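Student: Structure in structure tokens, see below.
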Amino acid sequence: MTKNKKVVFAGATLLLMVWCTKGYWTSDGNGRERVRDRLSMAYNDDRGGAIPVNLSPEAQAAFEQRERIINALKLEISQLERGCPKKKLEKYSLLPKIYAITPTYKRPVQKAELTRLSHTLMLVPNLHWVIVEDAEKKSELVANLLARTGMPYTHLHAVTPATWKIKPKEAWYNKPRGVLQRNAALAWLRANVKPDEEGVVYFADDDNAYSLEVFDEMRYVKTVGVWPVGLVGGLMVERPKVNAEGKVVGWLTVWSPNRPFAIDMAGFAVNLKLFMSKPEGKFKNEVQKGYQESEFLRHFVTSLDEVEPRADNCTKVNVWHTRTENPPLREEIRLKKEAKPPSDLGIEV
Ligand code: UGA
Ligand code: MN
């Protein structure tokens, strides 16, 4: 069987299973509504949520068994889709789509960062990359890099005005970064995504390190999914605080822990339909330091109760807020002073 056929076969099996078991579960007269709700969650969400209450031991065992099979099939579809041609998947994938938004700007390490990030994203099935350059116009460097990935993408630009740009001697944390670029991507999504499309929105900065698992974790999020982020906020890890019932009840952070959502941009994803239903949800330059995430998320969830903990109840780190050193280019500066040609004359680095 070809890869494409296998994907279709696994998907058809999954749909058939869901359809076959549905009648059995919903015809159970005891607590029917609750079971149906739980099931509709389980059909859509393989990891979140608790096991239904008040079921007979046999019904419970059957429920768990069915969940295990659905999970295994979803995993199999992800793995099969990983090997499929990206362009085809855009049309035929059975997985909810991940829209990953990346602001980026010109600097010596830009190509290295984008190469590393693109080589991760290329391994993620059914992901559409929205990349927004902080520049007056789109660059050849980014356009060529995107074309080489063979993956579905949208290339935009939106320039940060000088008043909001960090000055050469200014501390990097003095002004927010990526605000107008993310908003340009959000406007593109609102204009181009079909309202009934299944998926999630995720902000993937160009300098972080991502495990493929973070994408598996976010794909089935129904509201706002959250998880730990490594190497951020002056800590080894910042993470959502999850209670014994599997509910998010706060944030395990040291820096500014009273923020409504004390979480880094890399630590959450928003369901696509929920995103599309709240056109006001965007970022703002004029917010307190560290409040970008809270400013955005307040539009989508009003209490922590609605937030979905992922990554095994927020016990696993699948993304790191790595920051790349600005390479010391002293010899390059010397060449310039001596009116000699730069080392990268005629070569893209
Ligand atoms: C932290 C968060 O991880 C960011 O997501 C958040 O935007 C930032 O705080 C904030 O408070 O504004 P940090 O790692 O220090 O950020 O930010 P950067 O990685 O320097 O920038 C975030 C993104 O914006 C990156 O993808 C970067 O390429 C882009 N950026 C940065 C621009 O598009 N223009 C700039 O002038 C600077
Ligand atoms: Mn960063």
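The values are calculated or read from the model by the stated rules, or taken from the named source; none is laboratory data. Computed from a prediction, not measured in an experiment: that's the story for all the values here. Here Cβ is always computed from backbone atoms with ideal geometry, including for glycine, and neighbour counts include all displayed protein chains.
Student: What are the residue pairs meeting all of these: first residue in region 110-131, first residue assigned to a helix (DSSP H, G or I), second residue within 15 Å of ligand 2 (Cβ to nearest atom), Cβ atoms under 6 Å, and 6 or more apart or on different chains?
Tutor: Once the first residue is assigned to a helix (DSSP H, G or I) and sits in region 110-131, its partners that are within 15 Å of ligand 2 (Cβ to nearest atom) give 113/206; 113/207; 114/206; 117/206; 120/210.
Student: Residue by residue through region 97-121, note down the ones that are away from ligand 2 (no atom under 16 Å from the Cβ) and either under 19 Å from residue 133 (Cβ atoms) or surrounded by fewer than 19 Cβ atoms within 10 Å (Cβ to Cβ) (or both). Steps first, please.
Tutor: Residues of region 97-121 that are away from ligand 2 (no atom under 16 Å from the Cβ), as a first pass: 97-99, 111, 115, 118-119, 121.
The answer is 99, 111, 115, 118, 119, 121.
Student: Sticking with this one: Is there any pair linking a residue in region 46-65 that is closer than 21 Å to residue 308 by Cα to one that is modelled with pLDDT of 70 or more and loosely packed, with under 11 Cβ neighbours inside 10 Å, with Cβ under 8 Å and at least six apart or on different chains, and which?
Tutor: As it stands, the answer is 50/245, since those pairs meet every condition given.
Student: Hey, residue 289 hits all of (1) within 16 Å of ligand 2 (Cβ to nearest atom); (2) in a helix (DSSP H, G or I) but one; which does it fall short on?
Tutor: (2)
Student: Of everything in region 308-342, what is assigned to a helix (DSSP H, G or I) and either of a type outside the set (D, E, K, R) or more than 33 Å from the chain's Cα centre (by Cα) (or both)? Give them in sequence order.
Tutor: Quick first cut of region 308-342, residues assigned to a helix (DSSP H, G or I) only: 311-314, 330-337.
Within region 308-342, 311, 313, 314, 330, 331, 332, 333, 334, 335, 336, 337 qualify.
Student: Could you tell me which of the residues 174, 126 is surrounded by fewer than 16 Cβ atoms within 10 Å (Cβ to Cβ) and of a type in the set (S, T, N, Q)?
Tutor: On the way: 126 fails: surrounded by fewer than 16 Cβ atoms within 10 Å (Cβ to Cβ).
Among 174, 126, only 174 is surrounded by fewer than 16 Cβ atoms within 10 Å (Cβ to Cβ) and of a type in the set (S, T, N, Q).
Student: Further, regarding this structure: Spot the failing condition for residue 150; the list is (1) free of Cβ contacts under 8 Å to residues at least 40 places away in the same chain; (2) at positive phi, and only one is missed.
Tutor: (1) is the only condition that residue 150 fails.
Student: Based on this model, can you work out whether residue 284 counts as modelled with pLDDT of 95 or more and surrounded by 14 or more Cβ atoms within 10 Å (Cβ to Cβ)?
Tutor: Values: modelled with pLDDT of 95 or more: yes; surrounded by 14 or more Cβ atoms within 10 Å (Cβ to Cβ): no.
No; evaluated as a whole, the condition is false for this residue.
Student: I'd like to know if region 231-248 contains one or more residues that are surrounded by 16 or more Cβ atoms within 10 Å (Cβ to Cβ), in contact with a strand residue (DSSP E or B) (Cβ under 9 Å, 6 or more places away or on another chain) and polar (S, T, N, Q).
Tutor: no
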